[in-house]
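Structure record follows, encoded as structure tokens.
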């Protein structure tokens, strides 16, 4: 089965997904001092939502299949290019760590990991914003 499906490009949906990513990021910053694990997951989700905005800007959407987060990360890595390999590798490490925290009883997110997730998410959202805005000059995403 195909990992992606085509979808008409809707600037409204792109903006909604990106704004949702920004909102998730902002909330995660506030949660960070209270709960590292929750903040970490929220930073990851902000990156995922920004990734969906980028995919939609290309008229592509992931299918809801096992492993679709991996597919999203791989698609975005290809579209952003090799100059962003490091941040995409960090994004994938965050995905794996998040899964382990959910499915393994003795896994925890440290304060340092949560703070690094914040830095990574912030950089990533700026990268996505710049990429979408440069490919779609009629949009003006804000972050």
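Values quoted throughout were computed directly from the atomic coordinates according to the rules given, and no laboratory measurement underlies them. Owing to the predicted nature of the structure, the values given are computational and were not obtained by experimental measurement. When we count neighbours, we look across all protein chains shown, and the Cβ atoms used for this are built from the backbone with ideal geometry, even at glycine.
Tabulated results
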{"quantity": "For the chain: relative contact order, % (alpha-carbon pairs under 8 angstrom, 6 or more apart)", "calculated": "32"}
{"quantity": "Point-to-point label distance, residue 3-residue 126, nm (Cα→Cβ direction, 7 Å offset)", "calculated": "2.9"}
{"quantity": "Hydrodynamic radius of segment 13-68 per Kirkwood, over alpha carbon pairs, in Å", "calculated": "11.8"}
{"quantity": "Relative contact order [Cα under 8 Å, 6+ residues apart], segment 29-101, whole percent", "calculated": "29"}
{"quantity": "Cα centroid separation - segment 1-67 against segment 76-143, whole Å", "calculated": "10"}
{"quantity": "Among 123, 49, 78, residue whose mean-square fluctuation peaks in a GNM of the chain (springs only between Cα atoms under 10 Å)", "calculated": "78"}
{"quantity": "FRET efficiency for residue 96 and residue 140, using Cβ-Cβ distance with R0 set to 41 Å, rounded to 0.05", "calculated": "0.75"}
{"quantity": "MRE, 222 nm, helices only [DSSP H, n ≥ 4, -39500 (n - 2.57), over the chain, to nearest 500]", "calculated": "-24000 deg cm²/dmol"}
{"quantity": "Between helix 36-57 and the chain: long-axis angle, C-alpha atoms, 0 to 90°, nearest 10", "calculated": "10"}
{"quantity": "Largest-first ellipsoid semi-axes for the chain, taking √(5λ) over the Cα gyration tensor eigenvalues, angstrom", "calculated": "25, 18, 13"}
